[in-house]
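These notes concern the structure reproduced below.
The values are calculated or read from the model by the stated rules, or taken from the named source; none is laboratory data. Just so it is clear, the model here is predicted, and its values are computed rather than measured. Here the Cβ positions follow ideal geometry from the backbone for every residue, glycine too, while neighbour counts run over all protein chains shown.
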Amino acid sequence: MKNIPYLDLYRQYVVIEDEIDIAIKRVLNNQSFILGQELEAFESTLANYLDVKYVVGVGSGTDGLVLAFMALGIGKGDEVITPVNSFIATTLAITEVGATPIFTDVDPQTYQMSINDLSSKITKRTKAILPVHLYGAPSDITSIINIALKNDLHVVEDACQAHGATVNGKKVGTYGSMGVFSFYPGKNLGAYGDGGAICTNNEQIYNILRKLRNYGQTKKYFHDDIGKNSRLDEIQAAVLTVKLKHLSNWNRKRNAKANHYRKLLEDIKTQFVPRDDYSVYHIFTVEHERRDELKMYLAGQGIQTQIHYPVPIHLQKCYRYLGHKKGDFPIAEGVAGRILSLPIYPELKNVEVEYIAKEINHFHSHL
Ligand SMILES: *Cc1c(COP(=O)(O)O)cnc(C)c1O
């Protein structure tokens, strides 16, 4: 029997081992670990890649979202609209600054923030929209930006799963006031520890973010703002500079796997990606009425899968105080019960994709 892990980062490491080892050794030789030349180099390389003016490296994707809201002065009494089916961190950032998350349901085909629902949720208290480019596929960012412009709202893009995804050739993360990326090891661009970045074209926001990530410090031991300690460290920056060179190639390979899956899984519903959008397939999901049985069947065939995410955010215990109940977001709730994430990474072999697809089709045809 085969054994196919959901994710195998070692397969990536063996390909780039020499470059990575040299980069880490360089940091050790320099003995500069925080806010040094490695971070500066990475920030400008990433800015170049995204085609954006400024990048600020921070401690994690979650911190990046928090710092983005702090930079906009969003806090108590303010509302931020966000999709209900993301990873919890998206909403954690809203509540960490004291603001109130207002959830939207999702589109049943793309699983992205529902645009109709978004329009209906805007109030006098709304300060920002926080769309998520879910699974590495762009949300309907063009519509979201239009709605934001009409209502004088900020857009902070959660691009934590979507490094390199585009809409009409323009990278996601660069549409809003700020875009936030995570470099959690399993992300398409992953560090060897925690890390994150915020991108922006606004110089004023850029300068505030650089202060806020560094204790709100203007010059050493002088603090105009209450900041955080949240910097992308030199070792992670050095690792990420190496990996960024490979990202486009890795994203192309993920697309090839996704296309291969889709061809083989003719009768199975997968995430719909509009024609002008380029997904980077951080996650590849199938939808199935008997998801739990399918997951168990695949596990029995040596195929590891995951569920992103089994519980929509409004039904998480920690947000019970918001007063939501089952049935409030019927599309997201339904989808959460049917989706299953298959292994997808650049190093996944074609024979593995074929084996996984064959087993899914076998399960499906013996209903
Ligand atoms: C990973 C992720 C985050 C959080 O990033 P961390 O670096 O783990 O803090 C936020 N939002 C989404 C959608 C994510 O997938």
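Filtering Leu7, Leu50, Leu35 for residues that are touching a Ser or Thr at 6+ places or on another chain (Cβ under 9 Å) and surrounded by 14 or more Cβ atoms within 10 Å (Cβ to Cβ) leaves a single hit, Leu50. All told, Leu232 falls short of being surrounded by 24 or more Cβ atoms within 10 Å (Cβ to Cβ), at pLDDT 95 or above, assigned to a helix (DSSP H, G or I) and under 22 Å from the mean Cα position of the chain (by Cα). Taking the listed residues Gln109, Gln37, the one that is over 18 Å from the mean Cα position of the chain (by Cα) and within 30 Å of His246 (Cα to Cα) is Gln37, with no other qualifying.
With respect to the conditions (1) without any contact (Cβ under 8 Å) to a residue 40 or more places away in the chain; (2) away from the ligand (no atom under 16 Å from the Cβ); (3) within 18 Å of the chain's Cα centre (by Cα), Ala47 lacks only one, and its number is (1). In the stretch 223-235, the count of residues that are away from the ligand (no atom under 15 Å from the Cβ) and within 30 Å of Asp8 (Cβ to Cβ) is one or more. Is the stretch 6-29 home to any residue that is assigned to a helix (DSSP H, G or I), β-branched (Val, Ile, Thr) and closer than 30 Å to Leu315 by Cβ? Checking the stretch 6-29: not a single residue is assigned to a helix (DSSP H, G or I), β-branched (Val, Ile, Thr) and closer than 30 Å to Leu315 by Cβ. Of the set (1) under 22 Å from His260 (Cα atoms); (2) touching a Ser or Thr at 6+ places or on another chain (Cβ under 6 Å), all apply to Ile313 but (1). Every listed requirement among (1) closer than 23 Å to Asn188 by Cα; (2) of a type outside the set (A, V, I, L, M); (3) touching a residue at least 40 places away in the same chain (Cβ under 8 Å) is met by Tyr297 save one, (1). Please determine whether any residue of the stretch 338-361 is within 24 Å of the chain's Cα centre (by Cα), within 30 Å of Pro101 (Cα to Cα) and not aliphatic (A, V, I, L, M). So far as the stretch 338-361 goes, yes, one or more of its residues are within 24 Å of the chain's Cα centre (by Cα), within 30 Å of Pro101 (Cα to Cα) and not aliphatic (A, V, I, L, M).
Determine, yes or no, whether Ile122 is surrounded by fewer than 21 Cβ atoms within 10 Å (Cβ to Cβ), in a helix (DSSP H, G or I) and either of a type in the set (A, V, I, L, M) or within 14 Å of the ligand (Cβ to nearest atom) (or both).
No, not satisfied.
For the condition surrounded by fewer than 17 Cβ atoms within 10 Å (Cβ to Cβ) and touching a residue at least 40 places away in the same chain (Cβ under 8 Å), Ile81 does not qualify.
Criterion first (part of a helix (DSSP H, G or I), touching a helix residue (DSSP H, G or I) at 6+ places or on another chain (Cβ under 9 Å) and within 16 Å of the ligand (Cβ to nearest atom)) does Ala128 satisfy it? Considered against the rule, which asks whether it is part of a helix (DSSP H, G or I), touching a helix residue (DSSP H, G or I) at 6+ places or on another chain (Cβ under 9 Å) and within 16 Å of the ligand (Cβ to nearest atom), Ala128 comes out as no.
Whether any residue in the stretch 89-105 is charged (D, E, K, R), under 25 Å from His308 (Cβ atoms), in a loop (DSSP other than H, G, I, E, B) and away from the ligand (no atom under 16 Å from the Cβ) is what I want to check. The answer is yes, given that some residue of the stretch 89-105 is charged (D, E, K, R), under 25 Å from His308 (Cβ atoms), in a loop (DSSP other than H, G, I, E, B) and away from the ligand (no atom under 16 Å from the Cβ). Among the residues of the stretch 156-197, the ones that are away from the ligand (no atom under 15 Å from the Cβ), assigned to a strand (DSSP E or B) and of a type outside the set (S, T, N, Q) come to 3 in all.
Okay, residues lined up against (1) crowded, with 19+ Cβ neighbours inside 10 Å; (2) over 22 Å from Tyr319 (Cβ atoms):
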site	(1), (2)
Val56	yes, yes
Thr110	yes, yes
Ile129	yes, no
Ile147	no, yes
